[in-house]
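Just below is one structure, and these are the notes that go with it.
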Amino acid sequence: MDPVPTIAEAARGIASRRLSPVELTRACLDRIARIDPSLHSFLLVSEERALADARAAEARIMRDGPR
């Protein structure tokens, strides 16, 4: 998979547990950090919140399986 997969690729990867929500979030945050200085498309990036939400989603998936 590319560093930031499409939504469909991400959904399949998460459902099959080949991709974690935390890994996906980290890849997205890394991409934002890399390209946003030239795009100026974000006013605020809440990295800590995004990672906390990803960890919670991952825990839910591990406990209950994907939806």
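The values are calculated or read from the model by the stated rules, or taken from the named source; none is laboratory data. What you see is a predicted model; the values in this text were computed from it and never measured. Because the Cβ atoms are built from the backbone with ideal geometry, glycine has one as well, and the counts that use them run over all protein chains shown. Only protein heavy atoms, including side chains, enter the accessible area calculation; ligands, DNA and RNA are left aside. Shrake-Rupley method; radii C 1.70, N 1.55, O 1.52, S 1.80 Å.
What the table shows:
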item: Residue satisfying all of: in the stretch 1-47; assigned to a loop (DSSP other than H, G, I, E, B) and within 21 Å of Met62 (Cβ to Cβ); most open to solvent (accessible area, probe 1.4 Å) among these; result: Arg18
item: Failed condition for Arg67, given (1) loosely packed, with under 11 Cβ neighbours inside 10 Å; (2) of a type outside the set (A, V, I, L, M); (3) part of a helix (DSSP H, G or I); result: (3)
